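First up is the structure itself, then whatever we jot down about it.
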Amino acid sequence: MTEDKRKLKKEIENIVIKGKKYRAPEFSAQKLADELGMSASQLSREMKIIYGKSYSDIILSLRIKEAQRHILNPKKLSYTMEEIGIMVGFMNKWSFYQAFRKYAGTTPNEWKKEQNN
C-alpha cells in the first residue's frame, strides 16, 4: 500500500470509526467524500483498493459488529432488537434484520440464542 493510501485509510478510519459516523443513518458515502475533499466515485474506487469492500459493506459490518456486542452485553438485556438496531445506525427494525441476516447469516434473535448456547 502506498503512503497516500495509508494516509487516506487513516483519515477514513478517523472519521468513520473513531468519530463513530457509521452510527448515523444519514451519513453517506457522499458525505464522507465531501469531508475528504473528493468525489463519491473516487472514494468508492479508493475504498475498494484499500479495503477490498464497498463503502456500504464497510458501514454494514461496523454496525452489525457493534450490534452483536450490544446484544451480548448483560447491561442491555432490556433493550429490544429494534432499539439496538437504531442505536447502531439503522432506520428501522426491518433494515436492521435484513442487514443482520446478510452479514451474520441469521436473525439477531437467532444469533443471540446461538451465542448463549
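Worth a mention:
- Ellipsoid semi-axes for the chain, based on the Cα gyration tensor and the rule √(5λ), read 29, 14, 13 Å when sorted largest first.
- Given R0 = 41 Å, the distance between the Cβ atoms of residue 75 and residue 14 translates into a calculated FRET efficiency of 0.90.
- If only the Cβ of Lys and Arg carry +1 and only the Cβ of Asp and Glu carry -1, the dipole of the chain around its Cα centre is close to 280 debye.
- Angle between the chain longest axis and helix 40-51 axis [Cα atoms, degrees, rounded to 10]: 70
- GNM top mover of 49, 58, 84 - the chain, alpha-carbon springs below 10 Å: 49
- Unit charges at the beta carbon, dipole of the stretch 15-62: most positive-side option, 30, 17, 47: 17
Bear in mind that the values in this text are calculations on the coordinates, not laboratory data. Keep in mind that what you see is a predicted model, and the values were worked out from it rather than measured. When we count neighbours, we look across all protein chains shown, and the Cβ atoms used for this are built from the backbone with ideal geometry, even at glycine.
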